[in-house]
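Asker: Could you have a look at this structure, given as structure tokens, before my questions?
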Amino acid sequence: MKLYLVQHAKAAPKQLDPERLLTEVGCSEIRNVAEFIRPLSLKVDYLWHSLKKRATQTADVLAEAVTISKDRTARDGLGPNDDVTTLTAELSSTTKDIMIIGHLPFLSKLTSLLLTGSKLTDVVDFKNAGIVCLRRSEENCWQIEWIISPELFASKNPSGT
């Protein structure tokens, strides 16, 4: 089983935009990441994203770059401060490949719990529009398979805008 964890792309501050839509930089970064993963021909059974607009917008872009064999769904329980233990139990009982687009600190706690057994151990430095790929072995152990950060594509947009 593979689990792709994605922090939503950069969003506007709440003071400027209460909905926190993606910024131009955020849109550009997630498009760059999507173009990078397109040749990898990633296939997931499910793409889940939080109900927040910034996660939905990020999912819109990534859904064009991966093959989703079963369903794309906006799900409760993937918000920034939601409890990760329920999802951890669900993930331990499936063999399906899943992409989750969400928020910090949720993604950080989920990753830590899967990798170390403690949601308090901060093991991955998530980046907006970045993807962390975890793989669960036959022995039911989770490992980091790879990480993509939008900084890898900074030369595509040297002005940062």
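A short reminder: the numbers here are calculations on the coordinates, not readings from a lab. Since the model is a prediction, treat every value here as computed from it, not as a measurement. Because the Cβ atoms are built from the backbone with ideal geometry, glycine has one as well, and the counts that use them run over all protein chains shown.
Asker: Calculate one ³J(HN,Hα) per residue across segment 3-13 by plugging θ = phi - 60° into the Karplus curve 6.51 cos²θ - 1.76 cosθ + 1.60, and present them in order as whole Hz with x for glycine and proline.
Answerer: 10, 9, 10, 10, 7, 3, 5, 4, 10, 5, x
Asker: Also, I was wondering about something else. For Ala74, which sequence-distant residues (separation of 5 or more, or a different chain) have an amide H within less than 5 Å of its own amide H, given hydrogens modelled in the peptide plane?
Answerer: It is His49, by chain and number.
Asker: Same structure, new question: Please find the FRET efficiency linking Glu64 to Gln15, where r is the Cβ-Cβ separation and R0 is fixed at 22 Å, and quote it to the nearest 0.05.
Answerer: Values: r = 31 Å, r/R0 = 1.40.
Computed FRET efficiency for Glu64 and Gln15 comes out at 0.10.
Asker: Treating only the Cβ atoms of Lys and Arg (+1) and Asp and Glu (-1) as charged, compute the dipole magnitude of segment 2-156 about its Cα centre; round to the nearest 20 debye. Walk me through the numbers before you get to the answer.
Answerer: Working: 20 positive and 20 negative charges, 37 e Å.
Charge dipole, segment 2-156, about its Cα centre: 180 debye, nearest 20.
Asker: Report the number of Lys pairs in segment 2-156 whose alpha-carbons are under 17 Å apart, with separation of 8 or more residues or on distinct chains.
Answerer: Step by step, the pairs that qualify in segment 2-156 add up to 14.
Asker: Could you work out the pair-distance distribution P(r) of the chain from its alpha-carbon pairs, with 5 angstrom bin width and percents rounded to whole numbers?
Answerer: 2, 9, 19, 24, 21, 15, 7, 3, 1, 0
Asker: Relative contact order of the chain, please, whole-number percent, based on alpha carbon pairs below 8 angstrom and at least 6 residues apart. Please list the in-between numbers first.
Answerer: On the way: 319 pairs, mean separation 49.2, N = 161.
Contact order relative to length: 31 percent.
Asker: Please list the non-local residues whose amide H lies under 5 Å from the amide H of Ala11, H modeled 1.01 Å from N, same-chain partners needing a gap of 5 or more.
Answerer: So Ala11 has HN proximity to Thr23.
Asker: Residue by residue through segment 136-153, which ³J(HN,Hα) values in whole Hz follow from phi under the Karplus form 6.51 cos²θ - 1.76 cosθ + 1.60 (θ = phi - 60°), with glycine and proline marked x?
Answerer: 9, 7, 5, 7, 6, 9, 8, 9, 6, 8, 6, 9, 10, 10, x, 4, 4, 10
Asker: Could you list Tyr46, Tyr4 in order of exposure, starting from the residue whose Cβ has the fewest other Cβ atoms within 10 Å?
Answerer: Tyr46, Tyr4
Asker: Can I ask one more? Could you put Val25, Val6, Val44 in order, starting from the residue whose Cβ has the fewest other Cβ atoms within 10 Å? Walk me through the numbers before you get to the answer.
Answerer: Details: Val25 18, Val6 26, Val44 23.
Fewest-to-most Cβ neighbours within 10 Å comes out as Val25, Val44, Val6.
Asker: State the extension gain, in nm to one decimal, for the chain segment bounded by Leu51 and Glu90, taking 0.36 nm per residue of separation less the distance between their alpha-carbons. Present the calculation step by step, with values, prior to reporting the outcome.
Answerer: Details: separation 39, 0.36 × 39 = 14.04 nm, distance 1.88 nm.
Length difference between fully extended and current span is 12.2 nm.
Asker: I'd like the Karplus ³J(HN,Hα) series for segment 46-54: coefficients 6.51, -1.76, 1.60, θ = phi - 60°, whole numbers in Hz, and an x wherever there's a Gly or Pro.
Answerer: Whole-Hz 3J(HN,Hα) from phi for segment 46-54: 9, 10, 10, 9, 5, 7, 6, 4, 5.
Asker: Along the Cα-to-C-beta direction of Leu115, a point sits 7 Å from the Cα; which residues of segment 41-59 have their amide N less than 12 Å from that point?
Answerer: Backbone N within reach: none found.
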